[in-house]
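Novice: Below: one structure in structure tokens.
The values are calculated or read from the model by the stated rules, or taken from the named source; none is laboratory data. In this text, all values refer to a predicted model and were calculated from it rather than measured experimentally. A quick note on method: Cβ atoms are made from the backbone with ideal geometry, for glycine too, and the neighbour counts reach across all protein chains shown. Heads up: the accessible areas ignore ligands, DNA and RNA and are worked out on the full protein's heavy atoms, side chains in. Shrake-Rupley method; radii C 1.70, N 1.55, O 1.52, S 1.80 Å.
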Amino acid sequence: KLKAFPAGFLWGAASAAYQVEGAWDADGKGPSVWDVFAKLPGKTFQGSNGDVAVDHYHRFAEDVALMAEMGLKAYRFSVSWPRIFPQGRGEPNEAGLAFYEHLIDTLIAHHIEPVLTLYHWDMPQALQDEYGGWEDRRIIADFEHYCVTLFQRFAGKVKYWVSLNEQNYNLTNAYQLGTHPPAVEDRKRFFAANHIAFLANASVIATFRRHVPNGLIGPSFAYSPAYPGSSAPADMLAFENAEELTNHWWLDTYCFGRYPQAALTWLTETGEAPDILPGDLEILSQGLPDFVGVNYYQTLTYTGNALDGVTLQRINTTGQKGTTPASGIPGLYKTMANPFVETSNWDWAIDPTGLRIALRRLASRYALPVMITENGLGEFDQLVAGDRVHDDYRIAYLKAHVEACQQAISDGVQLLGYCAWSFTDILSWLNGYQKRYGFVYVDRDERDTRDLRRIRKDSFHWYKKVIASNGEI
Ligand code: BGP
């Protein structure tokens, strides 16, 4: 028998500053690496960028009113670091702090729990220019100064905090695939930047305890659980290898304060392992999280066959189904299509059982509560006559994943909340405005910001009922 969702379960929705706010240079904000990168030719889908995005900066009151109408219990958003510190450090910009204070106060007035992400990829360009952002240990103190400013300001109002959003996915794009700023393709630098990000994450968590004693903090991890392509031992080994290097590398380091042994051994042999200085492991083990945030979109299936010549991931940014090639690491693993699951137009496996598996793996291995900080379906949506969007495919996706949450709770997982990605339609980093995730349609495309009107999709009305019934749908 299934257990009910616990009382106080955080039915939420999520966003990130660069993807919704717009107002990219308003009220003293400095440029982030994305403000610069997205304007370089050929970096994003049809040159889309977040200069205006969905103008949440100016329309947050309207957006929060829609959240309240829906009955949302939690809203996860991120703070733009260069809105607070235009140069990355120094004296805070009061106008930037005031914006988030208004947002938080408006949420609280509507009984919506704010879930605040400290870093969702918008590094101040000034720090990238000065010392290379995550590649230099000076970032640790600057990140801490920024975070402490937010802890001090919002400690009494915000209980749930996310430290780094998807360090794994962001830095893979930034330092392996060359698809996020600073667009480097160098695995040595990739692991070095990750190591420094781990140190920054742990340092900030340790500091958090002093400033926000009643709060809870954890990183959000882009978790694509690995499946073996078959029970052939070579496929089983490839699956273990992928789980070790694509998941445990981050999760173990966050939650145990040490790297997983096999992966560390391989990387030491190839010369790609990070420099671990005396004292680093103490820092990591003193900044363990209170919960694991999981951004779940898909599972990945691995084979151990024909591993020579396999190359790194190439991301489908067009929505042309079936255009994503296999990817992997020579000698370790290679992705393959899973014949048992459907895929989205962006070739992402639609696998709600994978979410149940993800939640159980996390709960069993780390013995921590979990919060789903993102889950959703990016698709082309059609605005039709009468201002309607019939996104039944999204309802089906979300319903199956909410059911998977209930199954995981019944399996014993301590699940704090479920934040769908996303509340309104927003900018997708590499896929522009055509790849929509929201419960609320926003009338704009890549070229034309039109009037940015907000239109409730069918999924809006569906999720409202889910929340009202505490998941009894
Ligand atoms: C996660 C990010 C989000 C969001 C989401 C959807 O990786 O944390 O910011 O963008 O994925 O991905 P995409 O926009 O590439 O479809």
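Novice: Which lysines does residue 43 reach when only Cα atoms under 29 Å apart count, and residues fewer than 8 places away in its own chain are ignored?
Specialist: Filter leaves 29, 188, 321, 334, 435.
Novice: Given the alpha-carbon gyration tensor of segment 250-374, what are the semi-axes of its equivalent ellipsoid in whole angstrom, ordered largest first, with each equal to the square root of 5 times an eigenvalue? Intermediate results must be reported in sequence, preceding the final value.
Specialist: Details: eigenvalues 169, 98, 31 Å².
Ellipsoid half-lengths, sorted descending, are 29, 22, 12 Å.
Novice: OK, next. Over the C-alpha atoms of segment 29-158, what are the Rg and the largest Cα-to-Cα span, Dmax, in Å?
Specialist: My reading of the Cα-based Rg and Dmax gives 15.7, 45 Å.
Novice: Here is a follow-up. For segment 317-473, with only Lys/Arg (+1) and Asp/Glu (-1) charged at the beta-carbon, what is the dipole magnitude about the Cα centre, in debye rounded to 20?
Specialist: Numbers: 20 positive and 19 negative charges, 58 e Å.
About 280 debye.
Novice: Related question: In debye, nearest 20: dipole of the chain around its Cα centre with unit charges on the Cβ of K, R (+) and D, E (-)?
Specialist: On the way: 42 positive and 55 negative charges, 199 e Å.
The dipole magnitude comes to about 960 debye.
Novice: Turning to a different aspect of this structure: Please work out the average accessible area per residue across the chain, using the 1.4 Å probe convention, and give it in Å².
Specialist: Heavy-atom SASA per residue in the chain reads 37 Å².
Novice: Would you mind putting 205-211, 286-292 in packing order, based on average other-beta-carbon counts within 10 Å, highest first?
Specialist: Values: 205-211: 16.1, 286-292: 20.0.
Those peptides, ordered most packed to least, come out 286-292, 205-211.
Novice: Convex hull over the alpha-carbon atoms of segment 1-57: what's its volume per residue in Å³? Intermediate results must be reported in sequence, preceding the final value.
Specialist: On the way: hull volume 8.4 nm³, N = 57.
Convex hull volume per residue, Cα atoms: 147 Å³.
Novice: What size of dipole, in debye to the nearest 20, comes out for segment 38-86 about its Cα centre when the only charges are +1 on Lys and Arg C-beta atoms and -1 on Asp and Glu C-beta atoms?
Specialist: On the way: 6 positive and 5 negative charges, 56 e Å.
The dipole magnitude comes to about 260 debye.
Novice: Please enumerate, by chain and number, the lysines with C-alpha under 17 Å from the C-alpha of residue 465, excluding those fewer than 8 residues away in the same chain.
Specialist: 73, 399, 457
Novice: For residue 445 and residue 321, calculate 0.36 nm times their separation in residues minus their Cα-Cα distance, and state this gained length in nm to one decimal. Walk me through the numbers before you get to the answer.
Specialist: Numbers: separation 124, 0.36 × 124 = 44.64 nm, distance 2.05 nm.
Value of the extension gain: 42.6 nm.
Novice: Additional query: Could you give log10 I(q)/I(0) at q = 0.07, 0.09, 0.14 Å⁻¹ for the chain, computed by the Debye formula over C-alpha point scatterers of equal weight, without solvent?
Specialist: Taking Cα atoms of the chain as identical point scatterers yields -0.32, -0.56, -1.56.
Novice: Taking 0.36 nm per residue of sequence separation and subtracting the Cα-Cα distance, how much length would be gained by fully extending the chain between residue 39 and residue 272, in nm to one decimal? Provide the component values of the computation, followed by the final result.
Specialist: Working: separation 233, 0.36 × 233 = 83.88 nm, distance 3.15 nm.
Fully extending the segment from residue 39 to residue 272 adds 80.7 nm.
Novice: Run the numbers for residue 183 and residue 380: contour at 0.36 nm per residue of separation, minus the present Cα-Cα distance, in nm.
Specialist: Numbers: separation 197, 0.36 × 197 = 70.92 nm, distance 2.74 nm.
Difference between extended and current length: 68.2 nm.
Novice: At a 10 angstrom cut-off on C-beta neighbours, averaged per residue, how do the peptides 166-176, 390-400, 4-14, 418-428 rank from highest to lowest? Show your work: numbers first, answer last.
Specialist: Working: 166-176: 22.3, 390-400: 17.8, 4-14: 19.4, 418-428: 26.9.
Going from most to least packed, we get 418-428, 166-176, 4-14, 390-400.
Novice: Moving on. How big is the Rg/Rh ratio for segment 120-274, C-alpha atoms only, Rh by Kirkwood, two decimals?
Specialist: Values: Rg = 16.9 Å, Rh = 16.7 Å.
Ratio of gyration radius to Kirkwood radius: 1.01.
Novice: Share of the chain's accessible area from carbon and sulfur, percent, 1.4 Å?
Specialist: Solvent-exposed carbon and sulfur of the chain make up 53 percent of the total.
Novice: Follow-up. Can I get the semi-axes of segment 164-206's equivalent ellipsoid? Compute them from the C-alpha gyration tensor as square roots of 5 times the eigenvalues, in angstrom, largest first. List each step's numbers first, then the result.
Specialist: Values: eigenvalues 79, 22, 8 Å².
Its equivalent ellipsoid spans semi-axes of 20, 10, 6 Å.
Novice: Taking R0 as 25 Å, what FRET efficiency do you get between residue 141 and residue 51 from their Cβ-Cβ distance, rounded to the nearest 0.05? Could the numbers behind the result be given before it?
Specialist: On the way: r = 30 Å, r/R0 = 1.22.
Efficiency computed from Cβ-Cβ geometry: 0.25.
Novice: Here's something else I'd like to know. If the reach is capped at under 12 angstrom between alpha carbons, list the aspartates and glutamates near residue 3, excluding any in the same chain fewer than eight residues apart.
Specialist: 403, 411, 472
Novice: What GluC sites (Glu not before Pro) does segment 385-473 have in DSSP loop regions with at most 12 other beta carbons within 10 Å? Let's see the in-between values first.
Specialist: Numbers: sites: 403, 446, 472; in loops: 446, 472.
Qualifying residues, ordered by number: 472.
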